[in-house]
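Encoded as structure tokens, the structure appears first; notes follow it.
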């Protein structure tokens, strides 16, 4: 059963309308409809609210199998998600940027930066990704603030 099918089934079993769910989660009715028809997927924070609303675990929403509620199980599920594919529904550029001419040279440079950063600071792969992602995000926020 897909995530959308699960959300639809849970909503119907709860006797809620899409409007009811949207109001409880702070989203539009159209957003709920898109989740239920597998056009988009909820953000993780919304998935948490959905699991609380329907009294089910993340593990059920994502995989359908009750693995238990410990952090290790959740981390294993998160590691199985193809985040590029999931986010490309919201940000289509993620599906197509690999085809942009010259992008590979930047990919090579970023890979080299990643390796050097990891080695220089003695970090593991997860910490390297998280720190570099945060640095880019801070740059993005600053650029967005300057644009206003």
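Seen from every direction in turn and averaged, the convex hull around the alpha carbons of the stretch 1-68 projects onto 4.0 nm².
Looking at the stretch 102-148, the pairs of alpha carbons with a distance over 14 Å make up 61% of the total. Helices in the chain, meaning DSSP H runs of at least 4 residues, each add -39500 (n - 2.57). Divided by all residues, the mean residue ellipticity at 222 nm is -21500 deg cm²/dmol. With contacts taken as Cα pairs under 8 Å at a separation of at least 6 residues, the chain carries a relative contact order of 14 percent. By the count of other C-beta atoms within 10 Å, a proxy for reagent exposure, 88, 51 are ordered fewest to most as 88, 51.
Read the figures in this text as sums done on the coordinates, not as results from a lab. All values derive from a computational prediction rather than experimental measurement. So basically every Cβ, Gly included, is an ideal-geometry build from the backbone, and we count neighbours across all protein chains shown.
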